[in-house]
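These notes concern the structure reproduced below.
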Amino acid sequence: MYFKVEPTGCSERKGLIQVRYCLYLDPEDHGYEKHHVQVPIAPAEGYKGKPEDFQKWIDSLPKVWQNNPFVNHFVQFTPEEATDENIMYIGELALKMAYEKWAKDERPIIQNQPVKIDLSATRKSICVARVEQIRAATFEKKVQ
């Protein structure tokens, strides 16, 4: 199993830095087949037919295998806590905690620790700058 930080899910939120973790399974992991799916490849021009023919069109498209996350998890960090090392540590921790539940066929819901919100303009600008750095970086790790 492995995790990746999804840049589109990273943002400044209420004076904090929000990071989105996508948690994935490997073929040998429990329930892998539930999230390793075939998806159609739609042409750029999209669908131009009649509404009643849409499903037939979808079924006729070529397909590719795709590994979808088994969990997406959001964590909010203070700017001081949003170091590269801590982002990686929390990703690994979230992956392990989610998989423990997943492997027992339980809903993999993870509770975050509460953090103090600071809505000052200075704090917000610091968060926005750090979010841009996170979005530009690659955070992912395979965990055994």
Those residues of the range 80-105 that are surrounded by fewer than 18 Cβ atoms within 10 Å (Cβ to Cβ) and assigned to a loop (DSSP other than H, G, I, E, B) come to a total of 6
Looking at the range 23-55 only, could you name the residues that are among the aliphatic types (A, V, I, L, M) and within 30 Å of A94 (Cα to Cα)? L23, L25, V37, V39
Count of residues meeting criterion [under 30 Å from M1 (Cα atoms) and either assigned to a loop (DSSP other than H, G, I, E, B) or in contact with a helix residue (DSSP H, G or I) (Cβ under 9 Å, 6 or more places away or on another chain) (or both)] in the range 19-60: 16
Residues within the range 114-129 that are in contact (Cβ under 8 Å) with a residue 40 or more places away in the chain, outside any loop (DSSP other than H, G, I, E, B) and among the β-branched types (V, I, T), tallied: 2
Within the group R123, R107, which residue is basic (K, R), within 28 Å of E33 (Cβ to Cβ) and in the same structural domain as C10 (by TED's automatic domain parsing)? R107
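The values are calculated or read from the model by the stated rules, or taken from the named source; none is laboratory data. Keep in mind the model is a prediction, meaning the values are calculated, not measured. Glycine gets a Cβ as well: all are built from the backbone with ideal geometry, and neighbour counts include every protein chain shown.
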